[in-house]
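*Asks:* The structure follows.
The values are calculated or read from the model by the stated rules, or taken from the named source; none is laboratory data. Please read these numbers as outputs of a predicted model, since none were measured by experiment. When we count neighbours, we look across all protein chains shown, and the Cβ atoms used for this are built from the backbone with ideal geometry, even at glycine.
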Amino acid sequence: MRMLTFAKRNAKELLRDPLNILFGLGFPLVLLLLFSVLQSNIPVAVFEIDTLTPGMSVFGLSFMSLFSATLISKDRESAFLQRLYTTPLTGIDFIFGYMLPLIPMALMQTVICYLFAIPLGLTLSVNIIYAVIGIIPMAVFNISLGLLCGSIFGVKQVGGICGALLTNLSAWLSGVWFDLSLAGGIFEKIASFLPFFHAAQAEKALFSGNAEDAVSHLIPVFGYSIFITAAAVICFLKRGKDFK
Amino acid sequence: MYVIKTEGLVKQYKTLTAVDKLDLEIRQGELFSLLGVNGAGKTTTIKMLTGLVKPTCGDATVGGCSVITQPEKVKRLIGVSPQETAVAPKLSVKENLELICGIHGFSKEKTRAKIGELSEKFSLGTVLSEKAGKLSGGWQRRVSIAMALISEPEILFLDEPTLGLDVIARHELWDIIRSLKGKATVVLTTHYMEEAEALSDRIGIMKNGRLCAVGTAQELKKKAGTDDFESAFVAIVREGEI
C-alpha cells in the first residue's frame, strides 16, 4: 500500500512534466513520420514501416531511462528522498515505487507507436500484441538503467548521460536506422554485445511472427535487464544508507 | 527525562571529522537549537539522529531507541523537515500531504481530518490546490513542516527552517514553531542568532563538530560576559569553549 502511494506520486510527477510527454512520445513519432516520408521518396527499401516501427518502439524506451534517472536525481538533490527515508518506506517500496509507474508508460508508448504506424502502412496483425508484450524486458532494462544513473549522478549529469549518450547509443547500436552488417567490423561486434540490437531484433521478430528468432534475441535482453536491475537496486540502497 | 542522548558520537568523512565525540542531551518537550557557523556539524548531527547517516563511532538514542541498532523504531518517533524544502514540486499541496498520510498508512477519513487540521494550523487553505513547486520559499517551508508533523511525531527535527526566507516569512514561521512547543520535542538547527534566542528553551553551540557550550540564551550570555546573544555566540565560538 505504501509502495503504491509512492508509485502514484511518481506517476503524477512524470506525467505532469510536458517535456516527458513531448520527448517520450512525440520524438519517436516524429522520427517514424520523417523516415516514412523519406522512404516514400527513395527507390530502395531502407526504412520500411514494418521494420522501422519495432525498432522505433525500442528506441523510444531510452527516454524511460532519462525519465527515471531525472526523477530520482531530482528527489535526491531536493532532499525529498531524505524526507522519505525518515518515514516507514522500505528499500523495496522505493525501488518498485520508482519502477512500477514507468512500465505501463513504456507499454503505452509502444502501443501508441504501433497505432501511429498503422496509417503509415504498417501491416495489421495479432503479432502487434506480442510485440507490445515483448517490449517489457527492454523497458525494465531502460528503467533500471535510469534508476542506476539517478542513484549515482546529479540532475545535470543525468541529462547528459541518459539524455544524450544513451539515446544515441540506443539509436546507433540498435540497428534501427540501418543494417549493422553494412558497418561491420568492431562496430557490429560492439552492437551485438549490447542489448539495444538484440531488443530491436527481438521486437522485429515478434512483429513478423518469428518466435524462435525472438527468443534467441530476448535471452541476452533478459540477462542485461536482470544484471542492471540488480546493480541499480544495490546502488540505490547503498546510497540510501548514507546521505552525506 | 532525556528524549535524545548522544554518547561520543563521531562522523568521519575520509580526512574530515564532521562531528567529533558529541555528547548531547535533549529533554522531552523542549525546543532545543543547535547553533553554529557553516560546517559546524549541525546538519550531520541531525542526519545521524534521524538515521540518514550512520555514525562512524559512538551511539545516540532517540526516544530510547538506538539510531544504530533500532533505526526503524526511531523512524516511527520522528518527523523531519530537511534543510531543502523537500516537497514534491508537481504535486499540489494537498497531494503532498496526502502522500505522507498514505505512506504512514492513514485511512481516508484520518487523511481528510489530518489535512483539515494542518491546513488550519498552517493557514494552507488558500494554497491547497496549488502545485507545491510554484509556491514561494516561505509557503514551501510551511508545507514542509506540515508534512513532517503528519505522523504526529514525538520528536520533530527542523534543519535550518527559515534559511533564505524574508523577514516576514521568517517571523510567520517562528509563530508556527512556537505553537509546537509542549506538543513535541523540537530540535532545530540554525545559524541565525536571533532565531535561536527567540525560539529556544536551550541552545547548543557547535564548532568544528564539537559542542562548545549548552544552556539557555541567558546562561550563555552570562557565561560569555556579554549583554547580547550575538556577542556571546562570537565569544564562545572564538574561544572554542567557555
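*Asks:* Give all pairs with beta carbons closer than 8 Å in which a residue from region B:79-108 that is within 7 Å of chain A (Cβ to nearest Cβ) and assigned to a strand (DSSP E or B) meets a residue that is crowded, with 19+ Cβ neighbours inside 10 Å and among the hydrophobic types (A, V, I, L, M, F, W, C); count only pairs at least 6 apart in sequence or on separate chains.
*Replies:* From region B:79-108, the pairs are B:Val80/B:Ile46; B:Val80/B:Ala148; B:Val80/B:Leu156; B:Val80/B:Phe157.
*Asks:* Looking at (1) within 30 Å of B:Thr6 (Cβ to Cβ); (2) away from chain A (no Cβ under 11 Å), which one does B:Gly138 not meet, given that it meets all the others?
*Replies:* Tallying (1) within 30 Å of B:Thr6 (Cβ to Cβ); (2) away from chain A (no Cβ under 11 Å), B:Gly138 fails exactly one: (1).
*Asks:* Within region B:5-25, which residues are in contact with a Ser or Thr (Cβ under 7 Å, 6 or more places away or on another chain) and surrounded by 15 or more Cβ atoms within 10 Å (Cβ to Cβ)? Walk me through how you get there before you give the answer.
*Replies:* Quick first cut of region B:5-25, residues in contact with a Ser or Thr (Cβ under 7 Å, 6 or more places away or on another chain) only: B:5, B:10-12, B:18-19, B:22-24.
Scanning region B:5-25 gives B:Lys5, B:Val10, B:Lys11, B:Ala18, B:Val19, B:Leu22, B:Leu24.
*Asks:* Same structure again: Let me confirm something: among B:Lys11, B:Lys54, B:Lys75, which residue is in a strand (DSSP E or B), in contact (Cβ under 8 Å) with a residue 12 or more places away in the chain and within 13 Å of chain A (Cβ to nearest Cβ)? Don't jump to the end; show me each part of the working.
*Replies:* Details: B:Lys54 fails: in a strand (DSSP E or B); B:Lys75 fails: in a strand (DSSP E or B).
Result of the check over B:Lys11, B:Lys54, B:Lys75: B:Lys11.
*Asks:* Would you say A:Phe59 is hydrophobic (A, V, I, L, M, F, W, C), closer than 20 Å to A:Met1 by Cα, in a helix (DSSP H, G or I) and touching a residue at least 60 places away in the same chain (Cβ under 8 Å)? If you could, list the steps in order and put the result at the bottom.
*Replies:* Details: hydrophobic (A, V, I, L, M, F, W, C): yes; closer than 20 Å to A:Met1 by Cα: no; in a helix (DSSP H, G or I): yes; touching a residue at least 60 places away in the same chain (Cβ under 8 Å): yes.
For A:Phe59, the condition - hydrophobic (A, V, I, L, M, F, W, C), closer than 20 Å to A:Met1 by Cα, in a helix (DSSP H, G or I) and touching a residue at least 60 places away in the same chain (Cβ under 8 Å) - is not met.
*Asks:* Only residues that are crowded, with 19+ Cβ neighbours inside 10 Å and part of a helix (DSSP H, G or I): list them for region B:112-134, please. Full working, then the answer.
*Replies:* From region B:112-134, those crowded, with 19+ Cβ neighbours inside 10 Å are B:114-115, B:118, B:122, B:124, B:127, B:132; that's our starting set.
Within region B:112-134, B:Lys114, B:Ile115, B:Leu118, B:Val127, B:Ala132 qualify.
*Asks:* Residues of region B:215-242 being over 27 Å from B:Gly164 (Cβ atoms) and under 21 Å from the mean Cα position of the chain (by Cα), which ones?
*Replies:* B:Gly215, B:Thr216
*Asks:* Further, regarding this structure: Out of B:Ala146, B:Ala184, B:Ala169, I need the residue that is in contact with a Leu (Cβ under 7 Å, 6 or more places away or on another chain) and more than 27 Å from A:Asp17 (Cα to Cα). Which one? Give the steps one after another, and end with the answer.
*Replies:* On the way: B:Ala146 fails: more than 27 Å from A:Asp17 (Cα to Cα); B:Ala169 fails: in contact with a Leu (Cβ under 7 Å, 6 or more places away or on another chain).
The match here is B:Ala184.
*Asks:* Would you pick out the residues in region A:58-98 that are away from every other protein chain (no Cβ under 14 Å), under 23 Å from A:Pro18 (Cβ atoms) and either among the hydrophobic types (A, V, I, L, M, F, W, C) or touching a strand residue (DSSP E or B) at 6+ places or on another chain (Cβ under 9 Å) (or both)?
*Replies:* Matches in region A:58-98: A:Phe59, A:Leu61, A:Phe63, A:Met64, A:Leu66, A:Ala69.
*Asks:* For region B:58-75, name all the residues that are charged (D, E, K, R) and either in contact with a Ser or Thr (Cβ under 7 Å, 6 or more places away or on another chain) or surrounded by 22 or more Cβ atoms within 10 Å (Cβ to Cβ) (or both).
*Replies:* Our first condition is that a residue be charged (D, E, K, R); within region B:58-75, this holds for B:59, B:72-73, B:75.
B:Asp59, B:Lys75 - these are the residues of region B:58-75 that are charged (D, E, K, R) and either in contact with a Ser or Thr (Cβ under 7 Å, 6 or more places away or on another chain) or surrounded by 22 or more Cβ atoms within 10 Å (Cβ to Cβ) (or both).
*Asks:* Something else now. Within region B:177-207, how many residues are part of a loop (DSSP other than H, G, I, E, B) and out of contact with any strand residue (DSSP E or B) (no Cβ under 7 Å at 6 or more places or on another chain)?
*Replies:* Our first condition is that a residue be part of a loop (DSSP other than H, G, I, E, B); within region B:177-207, this holds for B:180, B:182-183, B:191-192, B:200-201.
Restricting the remaining residues to those that are out of contact with any strand residue (DSSP E or B) (no Cβ under 7 Å at 6 or more places or on another chain) gives B:182-183, B:192.
Qualifying residue count, region B:177-207: 3.
*Asks:* Considering only residues that are of a type outside the set (A, V, I, L, M), over 29 Å from B:Ala132 (Cα atoms) and either at pLDDT 90 or above or surrounded by 19 or more Cβ atoms within 10 Å (Cβ to Cβ) (or both), which ones fall in region A:4-49?
*Replies:* A:Pro28, A:Phe35, A:Ser36, A:Phe47
*Asks:* What are the residue pairs meeting all of these: first residue in region B:182-199, first residue within 17 Å of B:Val237 (Cα to Cα) and modelled with pLDDT under 90, second residue buried (at least 21 other Cβ atoms within 10 Å of the Cβ) and of a type in the set (Lys, Arg), Cβ atoms under 9 Å, and 6 or more apart or on different chains?
*Replies:* Within 9 Å, the pairs are B:Thr190/B:Lys42; B:His191/B:Lys42.
Each row is one residue, and each column tells you yes or no for (1) free of Cβ contacts under 8 Å to residues at least 24 places away in the same chain; (2) not hydroxyl-bearing (Ser, Thr, Tyr).
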position: A:Tyr130; (1), (2): no, no
position: A:Met138; (1), (2): no, yes
position: A:Cys149; (1), (2): no, yes
position: A:Gly154; (1), (2): no, yes
position: A:Cys162; (1), (2): no, yes
position: A:Ala171; (1), (2): no, yes
position: A:Phe178; (1), (2): no, yes
position: A:Leu182; (1), (2): yes, yes
position: A:Gly185; (1), (2): yes, yes
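*Asks:* Same structure again: Identify the single condition in (1) away from chain A (no Cβ under 12 Å); (2) free of Cβ contacts under 8 Å to residues at least 60 places away in the same chain; (3) in contact with a Ser or Thr (Cβ under 9 Å, 6 or more places away or on another chain) that B:Ser179 does not satisfy, given that it satisfies every other one.
*Replies:* B:Ser179 satisfies every listed condition except (3).
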